[in-house]
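Each remark here refers to the structure printed beneath this line.
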Amino acid sequence: KQVESDGSYELAFPNFVAQIERRQWLRLTADSKQELKLQFCKTVKMPRPQTHFVSREVFDLSGGGFSFMISRAEEKFFFPGEEIKNIELLIGGTKFTVSATVVRFQEKPHEKGAGQTPHDIKLSLKFHDLHKKEQEEVNKFVFEHLTTHEKAVGVDLIFV
């Protein structure tokens, strides 16, 4: 902003503006090209005590956590604030054993005319006590696999 001698203002805007991310960490939505998988065993008490084995593709990943899809029937086995230990994450050929806290359930939106699938709920977890070196490796993987348009966005401003 610059004030001219006649009292008018001159505003200058850059030709390129980096994308502002509201999250603390960049987030990678997984696709079939990346090897992002998880597995863990969870003891459930209801309707009767048993061990439930979960093995899934990771839906999305960031330095702060990850998410995966669960079925409506499995939803009752997870609780917000619950810590899940000994989760094996396979991220691009590297295996991490982590603990994470359940932070959110989100219904998967369906396209018009599409039927329900077995895994309709996105379960989001936040890493709990992830070591700094492991977090750096996760961040590096995420950044390397983001496409260019996800890292930054060009903006042209036009005033009428």
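Please treat every number below as a calculation from the coordinates, not as lab data. Not measured: the values here are computed from a predicted model. Cβ: placed from backbone, ideal geometry, glycine included. Neighbour counts: every protein chain shown.
So the values come out like this:
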| quantity | calculated |
| --- | --- |
| Cβ-derived FRET efficiency at R0 45 Å, Val3 paired with Thr94, nearest 0.05 | 0.25 |
| Computed label-point distance, nm, for sites Thr29 and Ser71 using a 7 Å Cα→Cβ extension | 2.5 nm |
| Total formal charge among the other residues, if their Cβ is under 15 angstrom from that of Pro49, Lys/Arg +1 and Asp/Glu -1 | +4 |
| Too-long pairs where the Cα-Cα distance tops 19 Å, listed order kept, from Lys76/Lys108; Lys108/Lys140; Lys42/Lys133; Lys85/Lys126; Lys37/Lys76 | Lys108/Lys140; Lys42/Lys133; Lys37/Lys76 |
